[in-house]
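Colleague: Supplied in structure tokens, the structure appears directly below.
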Amino acid sequence: MKKNGGNLICIICKSRFYVCNRRLKTAKWCSKECWDKRNPPLTKRCLYCGTNYLTYGKERKTKKFCSMSCRNKDYKKRNGVQSHLWKGGLTEKNKILRTRAEYQNWRNSVFQRDNYLCKLCGGKGHLQAHHIKQVCNNPDLIYSVDNGLTLCILCHQKQHPDIVLHALKSRGIEKYTSKKAEKIN
């Protein structure tokens, strides 16, 4: 009986080995032992505590700490001024105001008052709370329910074409709304 394979040389131990025809292009190792030696563990030094540890496989290039506790301790000491994301202690005032519980309560109150319907077109989906008087000009009215209006995302886009378009893109609704907006116009 004729063999359909061929002989190759192992890239680890340099010995000859036979493989079947379908593995001629892919086989590189003669045995499981040689396969295990292809990526020997690498000794690295922990960035936090300085101890030596072994890394295996894909983590050889990325792992910097010997354990999760060393990683967490190192990250905790890099918050605030030591963080690479530090911007001088400034968080956008608008972001702070809109992430508070008072803002969520205001938003829900506006939706309840308007029966969860857009006040311009009567739509029910993708509702947003709109400030009638802009918050940048009237910061004291940010949580006033009388200054709120329930709008669907398309009607809100018509009120603020530059600002709301960014909100649409971040939610992945851009294509949906542009098609619907064409039908409305």
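Every number in this text was worked out from the coordinates using simple rules, so none of it is lab data. This one's a predicted model, so the numbers in the text were calculated from it and none came from an experiment. Virtual Cβ from ideal backbone geometry, glycine too; neighbours counted across all protein chains shown.
Colleague: Looking at region 90-101 only, could you name the residues that are part of a helix (DSSP H, G or I) and without any contact (Cβ under 8 Å) to a residue 40 or more places away in the chain?
Modeller: Keep residues of region 90-101 that are part of a helix (DSSP H, G or I), which gives 93-98, 101.
Hits for region 90-101 are LYS93, LYS95, ILE96, ARG98, ALA101.
Colleague: Give the residue, chosen from LYS28, LYS87, LYS73, LYS3, that is surrounded by 11 or more Cβ atoms within 10 Å (Cβ to Cβ), in a loop (DSSP other than H, G, I, E, B) and among the basic types (Lys, Arg). Break it down into steps so the answer makes sense when it comes.
Modeller: Working: LYS87 fails: surrounded by 11 or more Cβ atoms within 10 Å (Cβ to Cβ); LYS73 fails: in a loop (DSSP other than H, G, I, E, B); LYS3 fails: surrounded by 11 or more Cβ atoms within 10 Å (Cβ to Cβ).
After applying the criteria, what remains is LYS28.
Colleague: Got a number for residues in region 52-70 being surrounded by 12 or more Cβ atoms within 10 Å (Cβ to Cβ) and among the hydroxyl-bearing types (Ser, Thr, Tyr)?
Modeller: 3
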